[in-house]
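The values are calculated or read from the model by the stated rules, or taken from the named source; none is laboratory data. The structure presented is a predicted model; accordingly, all values stated were derived computationally and were not measured. Reconstructed Cβ throughout: ideal geometry from the backbone, glycine too, with neighbour counts over all protein chains shown. For the accessible areas, the whole protein counts, side chains as well, though only heavy atoms, and no ligand, DNA or RNA atoms are used. Shrake-Rupley method; radii C 1.70, N 1.55, O 1.52, S 1.80 Å.
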Amino acid sequence: MGKEGMGVGSASLILIFAVLCLTIFALISLTSAENDKVLTEVNAELVAAYYEADTLAEYILDEILSADVIPETIRGIDIKETVDFFTDESIIAFRCPVTEEKELYVQLSIDMFGYAEILNWKMQDTQEWSDEDDKLPVWQG
Amino acid sequence: MNNGRSKSGLFLIELLVVITVFALCAAFCVRIFTSAYLAGIKSRDVSRALNIAKSAAEAYKVTGDAARSASLAAGEDQFTVYFTPVEDAPVPTCVISVVLDEEELVSITAASRVRGERNG
């Protein structure tokens, strides 16, 4: 009774433990890799969308530079024009949508001789940052 | 004695069953690990292709010349970059595609900032 070695059932216990470990590690590995792949694809879509907006902005810029009178809308994008009374420069701004949350903001100035200078050409959020989100406790110091 | 023999036999049978079940589970897990590995490879390739496409797009925006852009944005050997000009575009525009093993990974449209002289 005392010297029987490994009893019946011990192999099954080891099997259950090994199968559990293998399965959990495999599933964690797969989940991590899939999430990484999804993140990469989202990033690729964002970059493609940015360059689409950039291309549209270049087309609009070309029409602005070749127009005698700047229209209020070009290719479906609203154009805002203001005049700087001190320098007599036209400041023109428009926004090309990139995604629902992001847009490409373009601002340029055109002097009285018709030379243009790009003041802003940047991607920005369409929504304001909300500091009322208190789902997670943040240390306030 | 008979009791010892039956216990040994039972243990042997149990061991055989355990090994069989473990082999099946291991085969299933190897398949999952392989899927994870392939997903990682795909993610890495798309990331590298994206970097090459961005370099090519920025080079094209500055030069307006597909050939110069291709040399400026020279990427890794296994990737191929295609520049397809867009017809009837107001400014020089092309579609930049990065291909690996005949599969298009990334495609972006870039418009060049190079224009002719404008009079004020």
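List of remarks:
- Residue-wise HN-Hα couplings along region B:57-66, as the Karplus relation 6.51 cos²θ - 1.76 cosθ + 1.60 with θ = phi - 60° gives them from phi, are 5, 5, 5, 5, 4, 7, 9, x, 10, 5 Hz; Gly and Pro carry x.
- Sequence of A:Lys135, A:Lys102, B:Lys7, B:Lys61 from largest to smallest accessible area, 1.4 Å probe: A:Lys135, B:Lys7, A:Lys102, B:Lys61
- Over every Cα atom in the protein assembly as shown, the radius of gyration and the widest Cα-Cα span, Dmax, amount to 31.2, 112 Å.
- Heavy-atom accessible surface of the protein assembly as shown, averaged per residue, reaches 67 Å², computed with a 1.4 Å probe.
- Theoretical FRET efficiency, 1/(1+(r/R0)^6), r = Cβ-Cβ of A:Asp111 and B:Ala89, R0 30 Å, to 0.05: 0.65
- Cα-Cα over 21 Å, subset of A:Lys102/A:Lys135; A:Lys37/B:Lys61; A:Lys37/A:Lys135; A:Lys122/B:Lys61; A:Lys102/B:Lys42; A:Lys102/A:Lys122: A:Lys102/A:Lys135; A:Lys37/B:Lys61; A:Lys37/A:Lys135; A:Lys102/B:Lys42
- Gain on full stretching of the segment that runs from A:Asn120 to A:Ile77 - 0.36 nm per residue minus C-alpha separation: 13.8 nm
- Overall, the accessible surface of region A:9-125 at a probe of 1.4 angstrom is composed of carbon and sulfur to the extent of 59 percent.
- With 0.36 nm allotted per residue and the present C-alpha distance subtracted, the B:Tyr37-B:Asp65 stretch has 6.2 nm of extension available.
- Accessible-area rank, largest first, for A:Phe113, A:Phe85, B:Phe83, B:Phe33: A:Phe85, A:Phe113, B:Phe33, B:Phe83, with all protein chains present and a 1.4 angstrom probe.
- Rounded to the nearest 20 debye, the dipole magnitude of the protein assembly as shown is 2280 debye, with +1 charges on Lys and Arg beta carbons, -1 on Asp and Glu beta carbons, and the Cα centre as origin.
- Measuring only protein heavy atoms, the 1.4 Å probe finds B:Leu16 accessible over about 110 Å².
- The A-B contact accounts for approximately 3400 Å² of buried accessible area, totalled over both chains at a 1.4 Å probe radius.
- Phi angles across region B:32-42 convert, under the Karplus curve 6.51 cos²θ - 1.76 cosθ + 1.60 with θ = phi - 60°, into 3J(HN,Hα) values of 5, 4, 5, 4, 5, 4, 5, 4, x, 5, 4 Hz, Gly and Pro given as x.
- Label-point separation in nm, A:Trp139 to B:Asp77, each point 7 Å along Cα→Cβ: 5.1
- For region A:90-107, the Karplus equation 6.51 cos²θ - 1.76 cosθ + 1.60, evaluated at θ = phi - 60°, returns couplings of 8, 9, 10, 9, 8, 10, 9, x, 9, 9, 5, 9, 10, 9, 9, 9, 10, 9 Hz by residue, with Gly and Pro reported as x.
- Largest-first ordering by accessible area, 1.4 Å probe, given options A:Tyr50, A:Tyr59: A:Tyr50, A:Tyr59
- In Å², nearest 10: area of B:Cys94 left accessible to a 1.4 Å probe: 0
- Whole-percent carbon and sulfur share, accessible surface of region B:2-111, 1.4 Å: 59
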